[in-house]
Amino acid sequence: MTAWTTRSETAADIPAIREILLAAFPTALEADLVDALRADPKAWIDGLSMVSIDPDGAPAGYALITRCHVDGEPALALAPCAVPPSVQRTGAGSAAIRSALDAARAMGENLVLVLGHADYYPRFGFTPASRFGIRAPFDVPDEAMMAMALDGTRPVPTGTIEYPAAFGV
């Protein structure tokens, strides 16, 4: 597995990030979501949009964490995460996710939520959000809605997730 370098996105990375998202997903929904989140000052947190960098210095993997809430209390949403098919299973996505989680922890954030594959996200420390008393605002399999406390000594809010408007829920 490649040892990936990661960093926060720069303005110059925005077109490459969009290309990564367009290559990784069947429609432009996720790419458009990132553009909408980037334009929302209530959702966007500088330093939590991470890229993994290929040997030529170009973005190869992507992970975004934005502000959400759980019954009015601040939390974070990890979404979307993307890697083009040509780079999948090389660790580029995992590196970007770990980097984003580390940056969130360094900023003093605590709760991160993700809706995703139950066999992928637990490797980062995610467990079903229901174990924390947290639920999605829509029907979703329990094992797919996950949460992680970045600091196990701090309390975690319970209740329903409130996503930024760009998510459309």
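What is the Cα coordinate range of the stretch 5-55 on the first, second and third principal axes, sorted by size from largest, in whole angstrom?
33, 27, 14
Per 0.36 nm of contour for each residue apart, how much would the distance between residue 73 and residue 131 grow if the chain were fully extended, relative to their Cα-Cα spacing? Walk me through the intermediate numbers first.
Working: separation 58, 0.36 × 58 = 20.88 nm, distance 1.74 nm.
Stretched fully, the residue 73-residue 131 segment lengthens by 19.1 nm.
Given Cα pairs under 8 Å that are at least 6 residues apart, what percent is the relative contact order of the stretch 16-117? If you can, show how the numbers build up before the last one.
On the way: 162 pairs, mean separation 27.3, N = 102.
Relative contact order for the stretch 16-117 comes out at 27 percent.
For the stretch 96-169, rounded, prolate or oblate, judged on the Cα gyration tensor with a ≥ b ≥ c (square roots of eigenvalues), a/c < 1.5 rounded, else prolate if a/b > b/c?
On the way: a/c = 1.39, a/b = 1.31, b/c = 1.06.
It comes out rounded by the Cα gyration axes.
Computed from the mean reciprocal separation of all distinct C-alpha pairs, what Kirkwood hydrodynamic radius does the chain have, in Å? Kindly include the intermediate steps, with their values, before the conclusion.
Numbers: mean 1/r = 0.0626 Å⁻¹.
In the chain this quantity evaluates to 16.0 Å.
Would any residue of the stretch 154-169 have its amide N under 19 Å from a label point 7 Å out along Cα→Cβ of residue 27? List them or say none.
The answer is 164-169, whose backbone nitrogens lie closer than 19 Å to the label point.
Using a probe of 1.4 angstrom, how much of the accessible area of the chain is carbon and sulfur, in percent? All intermediate terms of the calculation are to be shown ahead of the outcome.
Working: 4430 of 8170 Å².
It is 54 percent, rounded to a whole number.
Compute the length gained on full extension between residue 7 and residue 88: take 0.36 nm times their separation in residues and subtract their Cα-Cα distance, giving the result in nm to one decimal.
Values: separation 81, 0.36 × 81 = 29.16 nm, distance 1.86 nm.
Length gained between residue 7 and residue 88: 27.3 nm.
Given a 1.4 Å probe, how much area per residue of the chain is accessible, in Å²?
Details: 8170 Å² over 169 residues.
That works out to 48 Å² for each residue.
Any idea what diffusion coefficient the stretch 20-116 gets from Stokes-Einstein, in µm²/s, Kirkwood Rh on alpha carbon pairs, 10 °C, 1.306 mPa s?
Values: Rh = 13.7 Å.
Rounded to a whole number, D works out at 116 µm²/s.
Rounded to the nearest 500, what is the chain's calculated 222 nm mean residue ellipticity when only DSSP H runs of at least 4 contribute -39500 (n - 2.57) each, over all residues?
Values: 3 runs with 36 residues, N = 169.
Mean residue ellipticity, 222 nm, calculated: -6500 deg cm²/dmol.
Taking the Cα centre of each part, how many Å lie between the stretch 123-137 and the stretch 49-103?
So the two Cα centres are separated by 18 Å.
The values are calculated or read from the model by the stated rules, or taken from the named source; none is laboratory data. Quick caveat, the model's predicted, so the values are computed rather than measured. Because the Cβ atoms are built from the backbone with ideal geometry, glycine has one as well, and the counts that use them run over all protein chains shown. We work out accessible area using only protein heavy atoms, side chains counted, and drop any ligands, DNA or RNA first. Shrake-Rupley method; radii C 1.70, N 1.55, O 1.52, S 1.80 Å.
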